[in-house]
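First the structure, in the form of structure tokens, and then the observations on it.
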Amino acid sequence: MPLFGFGAHTSIEDVPGLLRMTRQADRDGLDHFSLSDHPYLGDRVDAYAAIGFVLGRTERIAGFANVTNLPTRPLRCSRGR
């Protein structure tokens, strides 16, 4: 079965627009949305935080980061120490 979705913008200045767009996609029956992960660009939202926020405001749509920039993310490890 084909899946349908879209790549959403990540501009920090239009978070309400991101939420409107993804909620409409959810109502329209799209399967997923994606956000690109650019933690080094200060004018964009954090992809993972935004995905969690959007999923908390929608019902059926799935979300994922279409670019995961691991080399620019700090390594955090908990080893029970």
Completion exercise
So the FRET efficiency between V15 and L70, C-beta based with R0 = 22 Å and rounded to 0.05, is 0.35
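If you roll a 1.4 angstrom probe over the protein chains with everything in place, what fraction of the accessible area of the chain belongs to carbon and sulfur, to the nearest %? Could you put the intermediate results ahead of the total?
Details: 3100 of 5700 Å².
On the chain, the fraction of accessible area on carbon and sulfur atoms equals 54 percent.
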Practice task
Can you tell me the equivalent ellipsoid semi-axes for the chain? Use √(5λ) from the Cα gyration tensor, largest first, whole Å.
Solution key: 25, 15, 12
Problem - Accessible area of the chain divided out per residue, in Å², using a probe of 1.4 angstrom - result: 70 Å²
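Where does the chain land at 222 nm, in deg cm²/dmol rounded to the nearest 500, when only DSSP H runs of n ≥ 4 count, each adding -39500 (n - 2.57), divided by all residues?
Details: 2 runs with 24 residues, N = 81.
About -9000 deg cm²/dmol.
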Handout entry: Relative contact order %, the chain, counting alpha carbon pairs below 8 Å whose residues are six or more apart
Key = 32 percent
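What's the longest piece of the chain with no exposed chymotrypsin sites (Phe, Trp or Tyr not before Pro), counting a site as exposed if DSSP puts it in a loop and it has at most 11 other beta carbons within 10 Å? Mind dumping the intermediate values first?
Details: sites that count: F4, Y40.
It runs 41-81.
Counting only other residues whose beta carbon sits under 11 Å from that of F6, what net charge do I get with K and R as +1, D and E as -1?
Once positives and negatives cancel, what remains is -2.
Local charge sum around I61 (other residues, Cβ-Cβ under 11 Å, Lys/Arg +1, Asp/Glu -1)? Walk me through the numbers on the way to the answer.
On the way: positive: R23, R27, R57, R60; negative: D26, D28, D31, E59.
Charge balance in the 11 Å sphere: 0.
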Exercise for the section: For F4 paired with A49, estimate the spin-label separation in nm (one decimal), with each label point 7 Å from Cα along the Cα-to-Cβ line. Expected result: 3.3 nm
Completion exercise
Along the dipole axis of the chain (charges at Cβ: +1 for Lys and Arg, -1 for Asp and Glu; origin at the Cα centre), the most positive-end residue among G7, L41, Q24 is L41
Exercise for the section: Work out the length of the dipole vector of the chain about its Cα centre, built from +1 on the beta-carbon of each Lys and Arg and -1 on the beta-carbon of each Asp and Glu, and round it to the nearest 20 debye. Expected result: 460 debye
Problem - Neighbour net charge for H32 - beta-carbon separation under 12 angstrom, K R +1, D E -1 - result: -1
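The values are calculated or read from the model by the stated rules, or taken from the named source; none is laboratory data. Fair warning: this is a prediction, and the values are worked out from it, not measured in the lab. In this analysis, Cβ positions are derived from the backbone assuming ideal geometry, glycine residues included, and neighbour counts consider all displayed protein chains. Each accessible area value is taken on the protein alone, full model and side chains, heavy atoms only, with ligands, DNA and RNA left out. Shrake-Rupley method; radii C 1.70, N 1.55, O 1.52, S 1.80 Å.
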